[in-house]
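Colleague: This structure is in structure tokens; I'll ask about it shortly.
Rule-based calculations on the coordinates, nothing more; no lab input. None of these values were measured; they are calculated from a predicted model. Every residue, glycine as well, gets a Cβ built from its backbone with ideal geometry; the counts of neighbours run over all protein chains shown.
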Amino acid sequence: MTFDKYMSPMSDTQLKEACRRIRHVALDMDGTIYLGSQLFPWTKGFLQKLTDNGIGYSFLTNNPTRSLDDYVKKLRGMSIEATREEVYTTAVATIDYIKTHYPQARRLFVLGTPSMIGEFEAAGFEMCADDPADRPDVLVVAFDTTLVYPRLCRASWWASQGVPYIATNPDRVCPTDQPVILVDCGSICACIEHAVGRKPDIVIGKPNPDMLRGIMDRYGYRPDEIAMCGDRIYTDVAMARNAGALGVLVLSGETTLDTAVNSDPQPPITADNVDTFADLLIASK
């Protein structure tokens, strides 16, 4: 394989056919359409190309630190018009999971930001105090930029006591344009596992295919009519594969070209950015 804006293990005919079927693009956010607080220069043109060619899109993120309203506000602040219905976060997916699998659960102990906790409270859940007498129905661990040591210790205690334990996402770090490592949910869960010997009962976010299936159910599309674009092989591309959708790796975030080339299996499409993928879609029509 050679790389000149994109590469694929598929033949040209297979690639064109796979792109021709796409009716909706699910988009990772940080590292894909923006990095940290900076919108990529190609993002608005990319979205316009999709719209002009009758291809829909949604924004999916493993980052639960912001509420839906916060994400809509952030996108609009970058001059991207979006609605709550076009944004799907792991916080929302976790709420859906708890309501389906633990319908009697009301009280939660949550490692999460105030914005995320507000999303859970708006959905009807109550937050437990950091108190050994206040046993939760479910323990939720998320990417928590407000995390303090006592709450990490309490979450570990509830994990050791057999409380149902859900993680919002598996990401080890969060992409950033700043000179710092943002320790994400997967690393927090690894800390708890090292302390008490227990992994989460389920990890909700990508690569769990349920997030993408939610988009399919919402719009009534088949898996092969959905493309998932993101900057991570182990979450974005893996979720597409698990859901039977088309996985598109972009090299604008975490993953390097060297990592992509040496990945086994190869992503169905590796592109330098989402705009290159839009050109592939348009050329296939």
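Colleague: Ratio of segment 172-285's C-alpha Rg to 2.2 N^0.38 Å, to two decimals? Intermediate results must be reported in sequence, preceding the final value.
Modeller: Details: Rg = 15.9 Å, N = 114, 2.2 N^0.38 = 13.3 Å.
Relative to the rule-of-thumb radius for its length, segment 172-285 sits at 1.19.
Colleague: Rounded to whole Å and ordered largest first, report the semi-axes of the equivalent ellipsoid of segment 41-109 derived from its Cα gyration tensor (root of 5λ). Provide the component values of the computation, followed by the final result.
Modeller: Numbers: eigenvalues 181, 37, 14 Å².
Equivalent ellipsoid semi-axes, largest first: 30, 14, 8 Å.
Colleague: For segment 103-203, with only Lys/Arg (+1) and Asp/Glu (-1) charged at the beta-carbon, what is the dipole magnitude about the Cα centre, in debye rounded to 20? Could the numbers behind the result be given before it?
Modeller: Working: 8 positive and 13 negative charges, 61 e Å.
The dipole magnitude comes to about 300 debye.
Colleague: Given Cβ point charges of +1 (Lys, Arg) and -1 (Asp, Glu) and nothing else, what value in debye, to the nearest 20, does the dipole of the chain about its Cα centre take? Before the final figure, lay out the partial values.
Modeller: Numbers: 28 positive and 37 negative charges, 86 e Å.
Dipole magnitude for the chain comes out near 420 debye.
Colleague: Just to confirm the number: angle between the C-alpha axis of helix 43-52 and the first principal axis of the chain, 0 to 90 degrees, nearest 10?
Modeller: With rounding to tens, the tilt is 70 degrees.
Colleague: Given the chain reduced to its alpha-carbon atoms as identical point scatterers, what log10 I(q)/I(0) does the Debye formula return at q = 0.09, 0.11, 0.13 Å⁻¹?
Modeller: -0.43, -0.63, -0.86
Colleague: Treating each Cα of segment 103-203 as an identical point scatterer and ignoring solvent, apply the Debye formula and state log10 I(q)/I(0) at q = 0.16 Å⁻¹.
Modeller: -0.65
Colleague: Follow-up question, since we're still on this one. Quick check: convex hull of the Cα atoms in segment 132-185, volume per residue, rounded to a whole Å³? Spell out each step's value before the answer.
Modeller: Values: hull volume 4.6 nm³, N = 54.
Hull volume over Cα atoms, normalised by residue count, gives 86 Å³.
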